[in-house]
Amino acid sequence: MKIPGIKDPRILLSNVSGFSKPHTLTALMGSSGAGKTTLLDVLAGRKTTGRITGDILINGYPKVQETFARISG
């Protein structure tokens, strides 16, 4: 049911997955507005607005921000 004056939440990322091999340089490419910065902000824990739902897995395990910040660059 749609409530007048209430906007539907905007989905910024949906069904995103990927991988990067260890000790390699990986490029994230896409057209303008594709969500590259949003994806990196969510992974880095810098997204402060909106609602993040779903699972973020690193090597098959739930992401722990403190550990991820140490191992990523």
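Could you pull out every residue, at least 5 positions away or on a different chain, whose amide H is within less than 5 Å of the one on Ile58? Hs are placed 1.01 Å off N in the peptide plane, and Pro or chain starts have none.
Close amide H contacts, sequence-distant or interchain: Lys63.
So how long is each side of segment 12-73 along the principal axes, counting just the alpha-carbon atoms, biggest first, in Å?
28, 24, 19
Order 35-44, 54-63 from most to least packed using the mean count of other Cβ atoms within 10 Å.
Values: 35-44: 14.8, 54-63: 9.6.
So the order, starting with the most tightly packed, is 35-44, 54-63.
Evaluate the relative contact order of the chain (contact order divided by residue number), counting alpha-carbon pairs under 8 angstrom at least 6 apart; express in whole percent. Mind dumping the intermediate values first?
Values: 20 pairs, mean separation 14.7, N = 73.
With pairs under 8 Å counted, the relative contact order is 20 percent.
Just so you know, all these numbers are worked out from the coordinates, no wet-lab data involved. Because the structure is a prediction, the values reported are computed rather than measured. Counting neighbours? That spans all protein chains shown, and the Cβs are built from the backbone with ideal geometry, glycine included.
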